[in-house]
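Okay, structure first, notes after.
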């Protein structure tokens, strides 16, 4: 079963609808409730985006990143989830000169399990990942964001700077992520 961590993004309901539409068995919990659940029972984790910064949220999500790596579980960080993934494992973020909102084209630059070629990605952020730690692999970029999709070494741990739940190509990415360890029922 997949754990979707709700970090308060305005797009979380779309993410949950997308996972239902894909037939993926999942549970969703607010970040503030994660300490009350047994994370060991989940085979994969998705960290959603967020609306505003919250130090408690950062600690909880960072702990889930480490849990995922320690337990060998697939993890997908979306927007803020990707940023906290990068920050937890040696990367940095920075404020953008102007926010991005809407569909943008993202180019895959490295073979991977989630996507290939050019994809349309829905962006909604004012911060971006500016540097990845040395173990990360850049998978895709766009004109304004160098690290649109990245992977932590050869682990099934990925980040997307964009919101895959908000575009057709992104939903395909979510479906492929869900299939990594056989949790997708479709």
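The values are calculated or read from the model by the stated rules, or taken from the named source; none is laboratory data. The model shown is predicted, which means the values in this text are computed figures rather than measured ones. Cβ sites come from the backbone with ideal geometry, for glycine too, and all protein chains shown count toward neighbours.
Sub-6 Å Cβ pairs linking a first residue in segment 41-68 that is touching a residue at least 12 places away in the same chain (Cβ under 8 Å) and on the phi < 0 side of the Ramachandran plot to a second residue that is exposed (fewer than 15 other Cβ atoms within 10 Å of the Cβ) and not in a helix (DSSP H, G or I), at least 6 apart or interchain, are 42/1; 43/181, ordered by first then second residue.
Being within 21 Å of residue 14 (Cα to Cα), touching a helix residue (DSSP H, G or I) at 6+ places or on another chain (Cβ under 9 Å) and modelled with pLDDT of 95 or more is the requirement here; does residue 159 meet it? The answer is yes for residue 159.
How about segment 38-53: which of its residues are closer than 16 Å to residue 7 by Cα and touching a strand residue (DSSP E or B) at 6+ places or on another chain (Cβ under 6 Å)? Scanning segment 38-53 gives 45, 46, 47, 48, 49, 50, 51.
Taken together, 124, 98 contain a single residue that is surrounded by 15 or more Cβ atoms within 10 Å (Cβ to Cβ), part of a strand (DSSP E or B), touching a strand residue (DSSP E or B) at 6+ places or on another chain (Cβ under 9 Å) and at pLDDT below 95, which is 124. Can you confirm whether residue 8 is surrounded by fewer than 19 Cβ atoms within 10 Å (Cβ to Cβ), touching a strand residue (DSSP E or B) at 6+ places or on another chain (Cβ under 9 Å), at positive phi and in contact (Cβ under 8 Å) with a residue 24 or more places away in the chain? Against the criterion (surrounded by fewer than 19 Cβ atoms within 10 Å (Cβ to Cβ), touching a strand residue (DSSP E or B) at 6+ places or on another chain (Cβ under 9 Å), at positive phi and in contact (Cβ under 8 Å) with a residue 24 or more places away in the chain), residue 8 qualifies. Would you point out the residue of segment 66-80, among those that are crowded, with 24+ Cβ neighbours inside 10 Å and in contact with a helix residue (DSSP H, G or I) (Cβ under 7 Å, 6 or more places away or on another chain), that is nearest to residue 100 (Cα to Cα)? My answer is 78.
The set of residues in segment 14-42 being in contact with a helix residue (DSSP H, G or I) (Cβ under 9 Å, 6 or more places away or on another chain) and within 13 Å of residue 165 (Cβ to Cβ) consists of 14, 15, 16, 17, 18, 19, 21, 22, 24, 26, 28.
Criterion applied to 62, 48 was being within 14 Å of the chain's Cα centre (by Cα) and in a strand (DSSP E or B), and the one residue passing it is 48. Checking each residue in segment 157-183 for being crowded, with 19+ Cβ neighbours inside 10 Å and not in a helix (DSSP H, G or I) picks out 157, 158, 159, 160, 161, 162, 163, 167, 183.
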